[in-house]
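Student: The structure that follows is given in the form of structure tokens.
The values are calculated or read from the model by the stated rules, or taken from the named source; none is laboratory data. Since this is a predicted model, take the numbers as computed values, not measurements. Neighbour counts are summed over all protein chains in view; Cβ atoms, including those assigned to glycine, are modelled from backbone coordinates with ideal geometry. To get the accessible areas, we keep the full protein, side chains included, count just its heavy atoms, and leave off ligands, DNA and RNA. Shrake-Rupley method; radii C 1.70, N 1.55, O 1.52, S 1.80 Å.
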Amino acid sequence: IRQLFSMPPLTREVAWRTRSPLIKICGIRSPEEAIAIANLGADMLGLMFVPNSKRYIDIETGKAVSASIRQLRYTSVKQSSQPIFGSIPWFNLHATRFGLSSARPLLVGVFQNQELEDIINTVSYCQLDMVQLHGSEPFEWAKQLPVPVIRAFHGQKANTGITRGGGH
């Protein structure tokens, strides 16, 4: 691409390309499970506040998980990293910033078609770091939530003509 646009070759390694991928584990159901997964190196823990999910937790359990992770963060303070500068694409900048954060793992509340007020209350009560909207919530809600938002998009299954199992 650089050659097509007559741009000079890169002379240094790009910092945002040298980081490992961020790992988010969903369905955390207890403080003990959260600590175990955090100690394995997860970057984000997903707490399912979707009532019809088999991994649903109530806000009291969410608060207990949050308290355990916050205590873990407090007792294992990491060295702060140097600021990230340069011309980095927005998504890569924020993914790198989250990956370098000493406040890990981040606590992500997963919601689906719930009331905005309920989401905001849960974020506050459980001290969540992020929200993942997994339903048909309006895009404008991201501006009203006090934490960063991950938006899940659901694609439709395409008819590829490929069948499974029989090889026909």
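Student: Restricting to the stretch 29-64, give me the number of residues that are touching a Lys or Arg at 6+ places or on another chain (Cβ under 8 Å) and β-branched (Val, Ile, Thr).
Tutor: 2
Student: Also: Does Asn121 fit the bill of being part of a loop (DSSP other than H, G, I, E, B), open to solvent by 70 Å² or more (accessible area, probe 1.4 Å), farther than 24 Å from Ala38 by Cβ and at pLDDT 95 or above?
Tutor: No, not satisfied.
Student: Let me ask you something else. Please work out which residue is nearest to Ala34 (Cα to Cα), limiting yourself to the stretch 102-116 and to residues that are open to solvent by 40 Å² or more (accessible area, probe 1.4 Å) and modelled with pLDDT under 95.
Tutor: Arg104
Student: Of these, Gln82, Gln144, which one is open to solvent by 50 Å² or more (accessible area, probe 1.4 Å) and at pLDDT below 80? I'd like the intermediate steps shown before the answer.
Tutor: On the way: Gln144 fails: at pLDDT below 80.
Step by step, each of Gln82, Gln144 is checked, and only Gln82 is open to solvent by 50 Å² or more (accessible area, probe 1.4 Å) and at pLDDT below 80.
Student: Also, quick follow-up: Please specify each residue of the stretch 36-49 satisfying the condition of being buried (at least 16 other Cβ atoms within 10 Å of the Cβ) and of a type outside the set (Gly, Ala, Ser). Even if it seems obvious, please write down each step before you answer.
Tutor: Filtering the stretch 36-49 for residues buried (at least 16 other Cβ atoms within 10 Å of the Cβ) gives 37-38, 42-49.
Selection gives Ile37, Asp43, Met44, Leu45, Leu47, Met48, Phe49.
Student: Any residue in the stretch 131-146 that's on the phi > 0 side of the Ramachandran plot: show its pairings with residues that are in a loop (DSSP other than H, G, I, E, B) and surrounded by 10 or more Cβ atoms within 10 Å (Cβ to Cβ) at Cβ separation under 9 Å, as long as the two are six or more apart or on different chains.
Tutor: Pairs that qualify, where the first residue is on the phi > 0 side of the Ramachandran plot and the partner is in a loop (DSSP other than H, G, I, E, B) and surrounded by 10 or more Cβ atoms within 10 Å (Cβ to Cβ): there are none.
Student: What tally of residues in the stretch 21-50 results from selecting those that are in a loop (DSSP other than H, G, I, E, B) and at pLDDT 95 or above?
Tutor: Taking the stretch 21-50 first, the residues in a loop (DSSP other than H, G, I, E, B) are 21-23, 27-30, 40-43, 49-50.
If we keep only those that are at pLDDT 95 or above too, we end up with 27-30, 49-50.
Here the count works out to 6.
Student: Within the stretch 50-76, take every residue that is within 12 Å of Leu107 (Cα to Cα) and in contact with a strand residue (DSSP E or B) (Cβ under 9 Å, 6 or more places away or on another chain) and give me the one that is most open to solvent (accessible area, probe 1.4 Å).
Tutor: Among them, the one singled out is Arg70.
Student: Continuing with the same structure: Within the stretch 128-137, how many residues are surrounded by fewer than 15 Cβ atoms within 10 Å (Cβ to Cβ) and modelled with pLDDT of 95 or more?
Tutor: Residues that pass the stated criteria total 0.
Student: I need the full set of residues from the stretch 100-121 which are farther than 23 Å from Ile23 by Cβ and of a type outside the set (D, E, K, R), in order please.
Tutor: Here is the first cut: in the stretch 100-121, the ones farther than 23 Å from Ile23 by Cβ are 113-121.
Scanning the stretch 100-121 gives Asn113, Gln114, Leu116, Ile119, Ile120, Asn121.
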